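Below is one structure, written out as structure tokens; the observations come after it.
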Amino acid sequence: MEEKSWTDKLVDFVFSKSTVKYVLLIAILGAILRFVIAKNIGFLGDEMVHGPHAIGILNKFVLSRMTQSIVWFYLTDIAHKILGVTAISTRFLSIFFGILIIPIVYLLGKEFYNKKVGLTAAFLLSISAFTLRYTLIEMDITAIFFVLVAMLFFIKKAKQGKFSYLAALFLGIGSLVKSSAFFFIPAFLIWFYVIQEKPRKKVFSKSKKSLIVFLIIAALMYTPILAHNYLLYKDKGIVDVYFSKYFNINREVYAYQAGVDVPFVLKDIFVGGPKMLFDIIKMDPLIMLLGIFGIFLMFRKKDRANKSLLFLSTIIPFLVLSISVLLQTHFVIIMPFMAIFAASSIEELTKKFSNKKILYLILLAIFIINLYLILPHLTSQSAIIKTRNYAKEIPNDALVVVDGRFYTGRTVWMFYDKIYLESNYLGGFLTDLDSSTSQKVPIDLYFVECLTDDCGWGTIKDQPELNQTMEDLASFLKQDAVLVKTFNGGGGYVEKTGEPTVAIYNRKILLQPEIFLLAKQTHYWWGYSVNYEKESYDSYNVYGLFDNLIKLLASVILILAIILAALSPLLLIPFWKKYT
């Protein structure tokens, strides 16, 4: 029999009733929405800490950084090397793994419920306003991808009363992307030993050895972070942010970071939890309310024991985050589970009607409402993103003076590859140069002005003297200058759509060439030099054979984790073929 051509196979696929086709279409819809939002939406404060810290990290191999999420930084910088530094590349991991989560949610929905629930859940996640809103320069979406993959492998092995070593491996990789991946291990263990519908003694006797191996693999994957803190503490007596916060070690090193000195208080669950829940419902009302209803329905079902893994994987991370990090973006890790619960609610509601059109009407209503909620992010673009895109046209030998009213992280991200200088340094440097014997030369100067008086700090309105100083500097720098670009705000965050936000001027100015060296000396941000060109506060020396072996082991594990993380989509293909 003659083998069909690829065109014939494609036609057969298009007109088939294959579920894979619908999952693919849903994923494409999710991909479009994620790409559009990522290239438009304005920046949160933490984005402009993590994003600049990812730039150039491949130039300096390190086991960890202050915020631990080291694999995320390496993978993001790979995206930078391939695509250049843009909003898309710096947010690439959230886009890419956010798309891959969609078919995984289908598989989980099918596993715990049925194909219909899986498809509906995949669709809901693809259009989730809360998830789309936080497709940002953050680690959470990437981390939850590895957690969901781990769950897939875990439940397949659990049916045999065993632990999946692949699940441990993916949880370990996830923990190197974001430590919150470890929050799911208690959920897995409680479900496996206490809740799932199997004889407890039999399960425990069959799984003792595999449990030990499971935990060892997960712990080994965390070795780079443990080794980094051990070696850093041994050499300098300090540790990273999380070890400092949780173990009360040298908190003064991170005094500039909000929340480091705030201890865990269990009663905060009753404050932080409801607040976060209400915030998420405001941003994604239908999926969240249907999801909560789906949780109640689950407890009424006879097979609730097996489905409770989804509930534990929702509630445990939610409660832990409620007493530790009250930032909305970190709660995005619960949305895949809420989408599955919401899909089960919709299935239950549509059972009341024999007409399938009810299902389509419900999904259409959710789509329209969620599209309305994210519309500002789809229809306009942040002026900061526009400025970064224009920065590539600025000559590398020009001096870029940036208004001090720009949040420093934004300045670094926009102009990391230029010789930039924040304007608040300029007056002091000009005074220093007055005593220089060097001859002044014409310098190509670009001045980047914040037209809204506050471009990311959020505090300038409380500092009228600072604002006036910046205005005076701006007036000086704009003398004899040509306005080359004006960018209006957008992106649906802090910038007002259509409001002039950034202006760029160009002029020639006579200055001593030492100004370039002085400018480069300021290229530091949040503990690290820009592009990792200089040693950082958490660099350390390693002494002795034992410590060098620890570093070697941690380095091998880290390199393996980066490679596996990058190849993980390919590793899932056999799994997908087997279980779809």
*State all residues of the stretch 523-557 that are among the β-branched types (Val, Ile, Thr) and either in contact with a Pro (Cβ under 7 Å, 6 or more places away or on another chain) or surrounded by 13 or more Cβ atoms within 10 Å (Cβ to Cβ) (or both); if no residue qualifies, say none.*
VAL530, VAL542, ILE550, ILE557
_Single match in GLU514, GLU533 (criterion: out of contact with any strand residue (DSSP E or B) (no Cβ under 7 Å at 6 or more places or on another chain) and within 24 Å of HIS53 (Cβ to Cβ))_ = GLU533
*Is it true that some residue in the stretch 57-78 is of a type in the set (Gly, Ala, Ser), in contact with a Phe, Trp or Tyr (Cβ under 7 Å, 6 or more places away or on another chain) and touching a residue at least 12 places away in the same chain (Cβ under 8 Å)?*
no
*Test result for PRO500, outside the structural domain of SER69 (by TED's automatic domain parsing), closer than 28 Å to PRO395 by Cβ, at pLDDT 90 or above and touching a Leu at 6+ places or on another chain (Cβ under 8 Å)*: yes
*Among the candidates ILE190, ILE137, single out the residue that is outside any helix (DSSP H, G or I) and at pLDDT 90 or above.*
ILE137
*Where in the stretch 352-457 are there helices (runs of 4 or more DSSP H), lying wholly inside it, with at least 1 residues that are over 25 Å from ILE137 (Cβ atoms), modelled with pLDDT of 95 or more and not assigned by TED's automatic domain parsing to the domain that holds VAL484?*
357-379
*Out of LEU44, LEU119, LEU100, LEU132, report the one residue that is under 25 Å from LEU148 (Cβ atoms), among the hydrophobic types (A, V, I, L, M, F, W, C) and surrounded by 24 or more Cβ atoms within 10 Å (Cβ to Cβ).*
LEU132
*asked:* For the stretch 466-485, check the following and say yes or no: at least one residue is touching a residue at least 24 places away in the same chain (Cβ under 8 Å), within 27 Å of ILE137 (Cα to Cα) and outside any helix (DSSP H, G or I).
replied: yes
*Scan GLU449, GLU465 and give me the residue that is exposed (fewer than 14 other Cβ atoms within 10 Å of the Cβ) and more than 21 Å from THR90 (Cα to Cα).*
GLU465
*Test each condition in (1) surrounded by fewer than 24 Cβ atoms within 10 Å (Cβ to Cβ); (2) touching a strand residue (DSSP E or B) at 6+ places or on another chain (Cβ under 9 Å) for PHE92 and report the one that comes out false.*
(2)
_Verdict on MET470 being touching a Ser or Thr at 6+ places or on another chain (Cβ under 8 Å) and over 29 Å from LYS81 (Cα atoms)_ = yes
*Mind checking which residues of the stretch 284-327 are surrounded by fewer than 19 Cβ atoms within 10 Å (Cβ to Cβ), part of a helix (DSSP H, G or I) and within 27 Å of the chain's Cα centre (by Cα)?*
PRO285, LEU289, ILE292, ILE315, ILE316, LEU319, VAL320
*If you check every pair at least six apart or on different chains, which have Cβ atoms under 8 Å apart with a residue in the stretch 115-144 that is without any contact (Cβ under 8 Å) to a residue 24 or more places away in the chain and on the phi > 0 side of the Ramachandran plot first and a residue that is surrounded by fewer than 24 Cβ atoms within 10 Å (Cβ to Cβ) and in a helix (DSSP H, G or I) second?*
none
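The values are calculated or read from the model by the stated rules, or taken from the named source; none is laboratory data. For clarity, every value in this text was computed on a predicted model and none was experimentally measured. Cβ coordinates were reconstructed from backbone atoms using ideal geometry, including for glycine residues, and neighbour counts include every protein chain displayed.
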